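To start, the structure itself, in structure tokens.
The values are calculated or read from the model by the stated rules, or taken from the named source; none is laboratory data. Keep in mind that what you see is a predicted model, and the values were worked out from it rather than measured. Cβ placement follows ideal geometry from the backbone for every residue including glycine, while neighbour counts extend to all protein chains displayed.
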Amino acid sequence: MKTHKFALNRREALVGVAASMIMASTNPSVAQTPKKGGRLRVALAAGATSDTVDPAVMDSAFTIPIAYTAFNHLTETDSSGNVVPELSDEWSSEKSPAEWTFRLRKGVEFHNGKTMTAADVIASLNYHRGENSKSAAKPFLDAVEELRADGSDRIRVRLKAPNVDFPSTISDYHFVILPSTDGKIDPLAGIGTGPYVLQKLDPGVGASFSRNSNYFKSDRAFFDEVELRAVIDDAARNNALLTGEVDGIDQIPLQIASRLKQVPAIKIVETVGTEHNTLPMRTDIAPFNDVNVRMAIKHAIDRDAIVDKIMFGYAKPGNDNPISRAYRYFDSSLELRKYDPEKAKWYLKQAGLSSLQVDLSVAGSPFPGAVETGSLVQDAARAAGIEVNVIREVDDGYWSNVWMQRPWCAASWVGPASEDWIFTNAYAQGAAWNDTFWKNERFNQLLVHARGEQNDNLRREMYAEMQRLVRDDGGAVVLTYNSYVMGLRDNVEHGPLAANWRLDGYKFAERWWFS
């Protein structure tokens, strides 16, 4: 049995410290001693009348923070990107990473006073499984062959195939643990074990919480109250921060971030996260079914210009694979692809072409500045003999009518917790979200092998090769690795910021405090 004790050797610790320094904000508060009190008000750039606490359909920048404010998961991602204990205080893989045992933390109580047991965990996870499940997270548990309790404080999981990343998979925000009755949960009750108790949810408007006085983490949950507000309009959200109506906002329009930095009462915090903007080419449709055409286009795009003019410096140039340096197995030796019209022409020649005409579909929906990005792509590609016809699509229905439908379009990804997740869901052959319809036999073999490989060095080598395969054979033009740029009042304190989501991995309510 291999038990995960969560210990780091010296080299790993130094790497973690370096990563934390890279991802920390402009005004890190690591040395501050947290104190309790106050009411935290945060304005979020999302909110709809359909907002709900049902974990099966929590999927927006308003409801995901609720998942981390009122609830807990078996595991969580810390500020350095490591998977660490939460409701499970220890886990182990038996025989192979296809069999897992999770020991539950003792004495944890739900907000209604019920003590958490294995039955609650089983019911909470089973809610996302089964033929009739409408959960967006159902595919993540399709590999589970058996899920059973072993006493009141352990659960055992048997997978169809080994998966070293399974403890990371169940940290996904959907998999909150709720109280059960007769093997069933009430997904709309809003009762969790989390740092704050949900007092009110007004869909499309906001949500309010009070501190859980019985929270099992004694070094967390410092605010007396937390209030989330749905403020989609950029100007209204910025004004609320400037006037002190709120203490923080999750998104600042990049074009005004430098001006807000000059305001004494405001601090801008930035983390280089896993979010990235892409232009996926369908590799099953001509001319993108020719790898030489794909490589020509990749060399004909000026990513530095996009970082400067679209992202206003709040991003790193993309390298045509989804793995940024925020990921554990980022391959720093993989050379950065640069704008090179002459090399693009060479690849066109290999494809038997002297010039190329292609359509690129864009809209405002994929990411802010996507339409303007189309114009920059058009201008840069012309020097390589590639004429890009930019088609302005309708925003409404873009993700159902354009994405994965048009041969070449704009898209974006909010990066998940592991390399396996993004590769499995967006690049594996036959994956539902494989928006390039890419098929690479070597990549798919490595993906399966890496998922079950327990030797970390071998696993790192496999993921490095997969990054190169996606970069040089895949259909995704990865334009930028984006920063999360957020605004806080100067009395809001925090430690090193996690990069897996905005607002400290959306753990801001639990981790932050007032000075």
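The table below lists the values:
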read-out	value
Residue list for the range 56-85, restricted to those being surrounded by fewer than 20 Cβ atoms within 10 Å (Cβ to Cβ) and touching a Lys or Arg at 6+ places or on another chain (Cβ under 8 Å)	ALA56, VAL57, ALA61, PRO85
Inter-residue pairs, beta-carbon under 6 Å, first in a loop (DSSP other than H, G, I, E, B) and in the range 431-448, second among the polar types (S, T, N, Q), 6+ apart	ALA431/ASN425; TRP433/ASN425; THR436/THR283; PHE437/THR283; TRP438/THR283; LYS439/GLN429
So ASP120, is it over 22 Å from ASP78 (Cβ atoms), buried (at least 22 other Cβ atoms within 10 Å of the Cβ) and more than 26 Å from the chain's Cα centre (by Cα)	yes
Yes/no for ILE285 being in the same structural domain as ARG337 (by TED's automatic domain parsing) and either farther than 30 Å from TYR347 by Cβ or surrounded by fewer than 17 Cβ atoms within 10 Å (Cβ to Cβ) (or both)	yes
Filter pass, GLY204 being touching a Ser or Thr at 6+ places or on another chain (Cβ under 9 Å), in a loop (DSSP other than H, G, I, E, B), of a type outside the set (A, V, I, L, M, F, W, C) and over 30 Å from SER418 (Cα atoms)	yes
Members of the range 149-191 that are among the small types (Gly, Ala, Ser), over 30 Å from SER50 (Cα atoms) and not in a loop (DSSP other than H, G, I, E, B)	ALA149
Residue that is farthest from the chain's Cα centre (by Cα) [pool: residues in the range 340-371 that are buried (at least 19 other Cβ atoms within 10 Å of the Cβ) and aromatic (Phe, Trp, Tyr)]	TYR347
Candidate set: the range 416-430, residues that are outside any loop (DSSP other than H, G, I, E, B) and not hydroxyl-bearing (Ser, Thr, Tyr); chosen: the one farthest from PRO139 (Cα to Cα)	GLU419
Selection count where residues are under 15 Å from the mean Cα position of the chain (by Cα) and surrounded by fewer than 21 Cβ atoms within 10 Å (Cβ to Cβ), scope the range 394-412	1
Any chance LYS298 is buried (at least 22 other Cβ atoms within 10 Å of the Cβ), within 25 Å of GLU372 (Cα to Cα) and either assigned by TED's automatic domain parsing to the domain that holds ALA381 or polar (S, T, N, Q) (or both)	yes
Complete set of residues in the range 123-139 that are surrounded by fewer than 18 Cβ atoms within 10 Å (Cβ to Cβ) and not polar (S, T, N, Q)	ARG129, GLY130, GLU131, LYS134, ALA136, LYS138, PRO139
Candidate set: the range 318-339, residues that are free of Cβ contacts under 8 Å to residues at least 60 places away in the same chain and closer than 23 Å to ALA305 by Cβ; chosen: the one surrounded by the fewest Cβ atoms within 10 Å (Cβ to Cβ)	GLU335
Any chance THR283 is closer than 20 Å to THR373 by Cα and among the polar types (S, T, N, Q)	no
Test result for SER208, at pLDDT 95 or above and either touching an Asp or Glu at 6+ places or on another chain (Cβ under 6 Å) or crowded, with 21+ Cβ neighbours inside 10 Å (or both)	yes
Selection from the range 284-317 of residues that are under 25 Å from the mean Cα position of the chain (by Cα), among the β-branched types (Val, Ile, Thr) and outside any helix (DSSP H, G or I)	ILE310
Odd one out for ASP247, checked against (1) in contact (Cβ under 8 Å) with a residue 60 or more places away in the chain; (2) assigned by TED's automatic domain parsing to the domain that holds TRP399	(2)
Tally of residues being among the acidic types (Asp, Glu), within 25 Å of ASN72 (Cα to Cα) and out of contact with any strand residue (DSSP E or B) (no Cβ under 7 Å at 6 or more places or on another chain) across the range 198-252	2
The range 147-191 - residue that is within 25 Å of the chain's Cα centre (by Cα) and charged (D, E, K, R) and, of those, nearest to ARG328 (Cα to Cα)	ASP165
Options ASP150, ASP142: the member that is surrounded by fewer than 16 Cβ atoms within 10 Å (Cβ to Cβ), farther than 27 Å from ASN212 by Cα and in contact with a Ser or Thr (Cβ under 9 Å, 6 or more places away or on another chain)	ASP150
Scope the range 122-148; condition in contact (Cβ under 8 Å) with a residue 60 or more places away in the chain, of a type in the set (A, V, I, L, M) and not in a helix (DSSP H, G or I); matching residues	ALA136, ALA137
Residue pairs meeting the criteria (Cβ under 7 Å; at least 6 apart or on separate chains; first closer than 28 Å to ARG328 by Cα, in the range 256-277; second at pLDDT 90 or above and part of a helix (DSSP H, G or I))	ILE268/ALA257; ILE268/LEU260
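The rows are residues; the columns are (1) hydrophobic (A, V, I, L, M, F, W, C); (2) more than 30 Å from ILE301 (Cα to Cα).
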{"site": "MET466", "(1), (2)": "yes, no"}
{"site": "ARG471", "(1), (2)": "no, no"}
{"site": "ASN482", "(1), (2)": "no, no"}
{"site": "GLY487", "(1), (2)": "no, yes"}
{"site": "GLY495", "(1), (2)": "no, yes"}
{"site": "ARG502", "(1), (2)": "no, no"}
{"site": "GLU510", "(1), (2)": "no, yes"}
